[in-house]
Amino acid sequence: MPWGRKKRKGPAGGLVYSVLEQGFTAPIRDPLWGHIYLTPALEALTKAPQFMRLYRILQLGPTYCVYPGAAHTRGSHAIGVYCLARRLLKHLADRGADAWISPTGIRSFLAAALLHDLGHFPYAHSLKELPLESHEALTAKIIQSEPMKKQISATGADPYMTAAIIDENLSAQGSGETEFYRKLLSGVLDPDKLDYLNRDARYCGVPYGAQDVDFIFSRLHPHPKRGVDIDSKAVPSVESLLFSKYLMYRTVYWHPGVRSATGMIKKSLLNAIQNQCISLEELYNLDDPGLFALLTGRNAPLLGLTDKVREGNLYAKAAEFPYTPKLPPQLLDITARYQYEETIAAEASRILGVRVAPEEVIIDIPEPITFETGLYIADENRYFEQSSEVFTAEIVQTFTQTLRKIRVFVDPRYRSHQKVLRDIVHSTLG
């Protein structure tokens, strides 16, 4: 496909442009992207109860315990993703994507960008290791259920296509267009990542996540199978994004204080589920206040951990070391991890001469993460990893390895015994 701007003058091209340009008369003011315009039907989706719930879920959950400014919500993020998705699609249509995208597909993609987090759990990723359905699958179910299904249809979108763009476990029903939109919504330079890196950095007050979105979009070129290709001028922007993601995980998302709070919530909820104080079904479709309301008055032994997080009384880091596959594989099972916490607590009790309860010890292991680098550089006829002198496959692997650390947190009253606790942890976990 030739480089440069490529205006379509035929009937199909004109229809695509009218779908992307006309009728967007409802403004929303966003502190990051300025005025964001929606159609009245899309604006109605943002007023639906299912979307309003997202305004009551903090985007970064307990991160405010470390970065007080991190009070932005899933709702504002969702609108930001929609904004960038529309800008991206307008640019790609101008570069030739209008040859294979349809009015229904465009509207379905915009609805998917706006609604992609409808099924998200409360308190960010604190519930991630619990045996729950994925939030993408939950989002797809909401989209295909009434009354949301009818409201999405009113925008001109296809509810099933909208759901299938978000949940890749749904069949694309032979639609190459659906696959194209999936690549746009979830990829190296997707609107989701470009919004959350910029937005999270802004509200946490750190410089690491800022990306030059306008320049990035100017170097993208549509591809029906790969979603987007880049040209060689975009290589520094991709390197910047990957390094930003690394720094945001290192300083914000996986900050020890954030991991402590997340681990405390997880341990509290898992214990409540195991003691049948709450059911898995009760955790669906909650917002942050609803999660804490659910736990109020229940009698699970460890629900006090949740109150400690709400009060900012976080567990202290006792030990930290890199994750290695040589560690006992049972540590990756959150339910089996408890026996190691019991062992550490028992050994600490013996050495310190005071009772250390198992609930006062938390082993935290972040989930594996990836640094997507599969972009194709069209004018060099090779992939990004083959072109970048900085982000080779080996360097990317090193990033993931250095970020993923096992941490053990304990009640802060044992803070003065950190050296003893660290030795106990190392001897227990090997």
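The values are calculated or read from the model by the stated rules, or taken from the named source; none is laboratory data. These figures come from a predicted structure and were not determined experimentally. When we count neighbours, we look across all protein chains shown, and the Cβ atoms used for this are built from the backbone with ideal geometry, even at glycine.
Things worth noting here:
- Within the stretch 214-227, being under 21 Å from the mean Cα position of the chain (by Cα) and touching a residue at least 40 places away in the same chain (Cβ under 8 Å) holds for one residue alone: Gly227.
- For the stretch 392-430, a residue qualifies if it is of a type in the set (A, V, I, L, M), in a helix (DSSP H, G or I) and modelled with pLDDT of 90 or more, and the qualifying residues are Leu403, Val420, Leu421, Ile424, Val425.
- Meeting the requirement of 1 or more residues that are within 17 Å of Lys90 (Cα to Cα), the helices (runs of 4 or more DSSP H) wholly within the stretch 133-226 are 176-185, 191-204, 213-218.
- Looking across the stretch 280-303, the residues that are on the phi < 0 side of the Ramachandran plot and free of Cβ contacts under 8 Å to residues at least 12 places away in the same chain come down to Glu281, Ala293, Thr296.
- Residue list for the stretch 303-336, restricted to those being within 26 Å of Asp288 (Cα to Cα) and among the charged types (D, E, K, R): Asp307, Lys308, Arg310, Glu311, Lys317, Asp333
- Number of positions in the stretch 68-107 that are among the hydroxyl-bearing types (Ser, Thr, Tyr) and under 17 Å from Thr162 (Cβ atoms): 3
- All of Gly209, Gly205, Gly187, Gly176 fail the test of being at positive phi and either in contact with a strand residue (DSSP E or B) (Cβ under 7 Å, 6 or more places away or on another chain) or small (Gly, Ala, Ser) (or both), apart from Gly205.
- In the stretch 96-116, residue nearest to the chain's Cα centre (by Cα) [restricted to those that are surrounded by 22 or more Cβ atoms within 10 Å (Cβ to Cβ) and part of a loop (DSSP other than H, G, I, E, B)]: His116
One line per residue, one yes/no per condition, for (1) surrounded by fewer than 14 Cβ atoms within 10 Å (Cβ to Cβ); (2) outside any loop (DSSP other than H, G, I, E, B):
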residue: Lys317; (1), (2): no, yes
residue: Thr324; (1), (2): yes, no
residue: Tyr338; (1), (2): no, yes
residue: Glu347; (1), (2): no, yes
residue: Val354; (1), (2): yes, no
residue: Ile363; (1), (2): no, yes
residue: Pro368; (1), (2): yes, no
residue: Phe371; (1), (2): no, no
residue: Glu389; (1), (2): yes, no
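- The criterion of at least 1 residues that are exposed (fewer than 15 other Cβ atoms within 10 Å of the Cβ) and modelled with pLDDT of 95 or more is met by the following helices (runs of 4 or more DSSP H) wholly inside the stretch 1-87: 40-46, 49-52.
- Ile424 vs. criteria in contact (Cβ under 8 Å) with a residue 40 or more places away in the chain, aliphatic (A, V, I, L, M) and either exposed (fewer than 13 other Cβ atoms within 10 Å of the Cβ) or in contact with a Lys or Arg (Cβ under 8 Å, 6 or more places away or on another chain) (or both): no
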